1. When a footprinting reagent is the concern and you count Cβ atoms within 10 Å, what order do Ser281, Ser185 take, fewest first?
2. Over the stretch 51-347, calculate the relative contact order: mean separation of alpha carbon pairs under 8 Å at least 6 apart, over the residue count, as a percent.
3. Given H placed 1.01 Å from N in the peptide plane, which residues other than close sequence neighbours of Lys53 have an amide H under 5 Å from its amide H?
4. Rounded to the nearest 20 Debye, what is the dipole magnitude of the chain about its Cα centre when Lys and Arg each give +1 and Asp and Glu each give -1 at the C-beta?
5. For the stretch 237-307, which chymotrypsin sites (Phe, Trp or Tyr not before Pro) are in a loop by DSSP, counting at most 10 other Cβ atoms within 10 Å?
6. Post the alpha-carbon centroid distance, the stretch 73-129 to the stretch 249-323, in whole angstrom.
7. How long is the gain from Arg123 to Arg314 if the chain were fully straight, where each residue apart is worth 0.36 nm and the alpha carbon distance is subtracted?
8. Hey, quick one: spin label on Ser15, modelled 7 Å out along Cα-Cβ, who in the stretch 38-79 has an amide N within reach, i.e. under 19 Å?
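Just so it is clear, none of the values below were taken in a lab; they were calculated from the coordinates. Everything quoted here is computed from the prediction, not taken from an experiment. Glycine also receives a Cβ, built like all others from the backbone with ideal geometry; neighbour counts cover every protein chain displayed.
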Amino acid sequence: MRRELGRMTTRLLRSGRDALLDASIFYSFDRSGFRRHARSFTPGDLDVDLTAKVCLVTGANSGIGFETSRALAGRGATVWMLCRDRQRGQRAVERLRAATGSSRVHLALLDVSDLGAVRRFARELPAPRVDVLVHNAGVLPDRRLESADGHEITLATHVLGPWTLTQALAPKLRASRDARVVFVSSGGMYTQRLSLDDCEWRRRPYDGVAAYAQTKRMQVVLAELLAEELPAAGITVSSMHPGWADTPAVQTSLPRFWKAMQHRLRTPAEGADTVTWLAASPAARGRSGLFWFDRRPRSTHLLPWTRESGADRRALRALCAGPAAGSATVPDAAPVPLKARRRAASRR
Ligand SMILES: NC(=O)c1ccc[n+]([C@@H]2O[C@H](COP(=O)([O-])OP(=O)(O)OC[C@H]3O[C@@H](n4cnc5c(N)ncnc54)[C@H](OP(=O)(O)O)[C@@H]3O)[C@@H](O)[C@H]2O)c1
């Protein structure tokens with residue numbers, strides 16, 4: 001009896017300490033957060049054979065995309081590394097083949113911000129089926145840049161491109177019995193309320209950090225919208241954030257943050273862990289439309305004023321499906337309300 005009481009007290013103290021550390025953000029997004037959260041990962045969740053799987057990873061030549069590709073290829077998957085630069089892509093493919101011994105690692109040249117190229121890629125992909133699509137490519141520019149189609153670059157890279165790619169690959173995703181689509185968002189999205197107002201940044205001074213965080217918020221809502229539209233097809237759509245990982249993007253786009261934090265950052269592989277888990281683990285199957293961090297579904301809002309309206313969600317849907325994105329694919333499944341799916345997922 002006394003021993004049982006002791007165990008309960010220890011558990012309570014531990015969960016109180018975890019809640020405090022998680023609320024601090026710092027000791028949650030950093031590497032100590034990963035290592036603490038990893039203590040409650042279910043062993044064996046990623047003991048999977050992916051030999052029959054076809055996986056696509058955008059922005060795969062470095063950082064989290066590279067480590068996700070490595071984790072998938074290491075489990076036997078055929079991995080298409082979707083990179084925008086031939087040389088960087090080729091070097092990454094060679095590095096990955098050498099690291100995993102796999103010959104099923106391929107390079108596809110794709111700038112995901114270029115919507116025509118995205119549609120062409122989907123048409124020409126020599127695979128009858130896609131089991132995993134990871135939207136990982138990301139940018140944090142210091143000035144307003146435009147994509148080939150004239151869209152602001154974070155909007156094109158994080159939102160319009162991934163939406164177009166998902167829609168264009170939908171027939172190939174439907175051909176899989178257990179397809180997964182994963183958006184690599186960012187904890188930075190917590191600072192933003194979804195807003196479509198001047199999302200091309202034409203009428204105000206450009207703020208790259210805000211554009212980045214706003215489009216990362218859009219990715220979270222986009223995953224929810226796609227999850228509402230694709231459930232009958234057996235496609236699990238998720239968004240996640242990797243915490244703070246030491247990657248080229250952080251070093252070059254946020255040099256001061258990187259300098260101050262470099263000894264507390266997660267490794268790229270730690271940043272890629274939840275991406276891989278969502279893409280590959282049976283434990284993540286069917287839990288569509290949720291936002292994940294360190295293998296656990298998390299709230300999509302930490303601040304009350306970031307909650308979007310239904311009108312904002314519809315505006316995002318219209319932006320993606322409209323002529324701006326050049327995609328007008330109509331989903332073929334009846335939407336399942338998000339609340340119903342959240343309830344179902346939390347019962348698992
Ligand atoms: N590291 C973190 O702490 C952190 C935190 C939150 C979220 N994230 C997210 O994690 C994802 C991966 O970033 P990372 O930290 O691993 O940085 P990274 O190593 O710089 O990787 C970004 C990748 O995206 C590629 N890319 C950018 N624009 C592209 C485009 N238009 N088409 C195709 N590829 C494109 C880059 O290619 P190039 O090499 O050709 O530039 C690079 O391979 C991003 O979405 C980022 O927002 C990272």
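1. Ser281, Ser185
2. With pairs under 8 Å counted, the relative contact order is 19 percent.
3. Thr78
4. The calculated dipole for the chain is roughly 1180 debye.
5. none
6. Measuring centre to centre over Cα atoms gives 22 Å.
7. The Arg123-Arg314 span can extend by a further 66.0 nm.
8. Taking a point 7 Å out along Cα→Cβ of Ser15, the residues of the stretch 38-79 whose backbone N falls under 19 Å are 38-42.
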